[in-house]
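Below is one structure, written out as structure tokens; the observations come after it.
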Amino acid sequence: MTPARRCPYDLGDEIVGITYVPPKDRRRETPQPFTGRVVQVGSGWDGVEADQAYLWARLDNGLEVKALIGDCERKPR
């Protein structure tokens, strides 16, 4: 069994990234840049779906967005 990989972000980390929009929805919605705080980490960190692992971030206005973990990075200080 392959050891589990840990998500590079913890809850509350401030990140920048691009929102995830499924390909089927891209005719009516486009990925957008965002800055927010990690509020949930989705599936993928058991090594099975790591290339499609998601997280959710809360924006300053209270909305939450979904993003691929690989499309995010810690906000520069």
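The values are calculated or read from the model by the stated rules, or taken from the named source; none is laboratory data. Given the structure is predicted, the values throughout are model-derived calculations rather than measurements. In this analysis, Cβ positions are derived from the backbone assuming ideal geometry, glycine residues included, and neighbour counts consider all displayed protein chains. Note: accessible area is taken over every heavy atom of the protein model, side chains too, but ligands, DNA and RNA are not part of it. Shrake-Rupley method; radii C 1.70, N 1.55, O 1.52, S 1.80 Å.
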Subject >> Residue check for Gly36: modelled with pLDDT of 90 or more, outside any helix (DSSP H, G or I), of a type outside the set (Phe, Trp, Tyr) and surrounded by fewer than 13 Cβ atoms within 10 Å (Cβ to Cβ) >> reply: no
Original post:
Taking into account only those residues within region 39-68 that are among the aliphatic types (A, V, I, L, M), at pLDDT 95 or above and not in a strand (DSSP E or B), which is surrounded by the fewest Cβ atoms within 10 Å (Cβ to Cβ)?
Top reply: Leu63
Subject >> Selection from region 4-31 of residues that are in contact (Cβ under 8 Å) with a residue 60 or more places away in the chain and open to solvent by less than 30 Å² (accessible area, probe 1.4 Å) >> reply: Cys7, Tyr9, Ile15
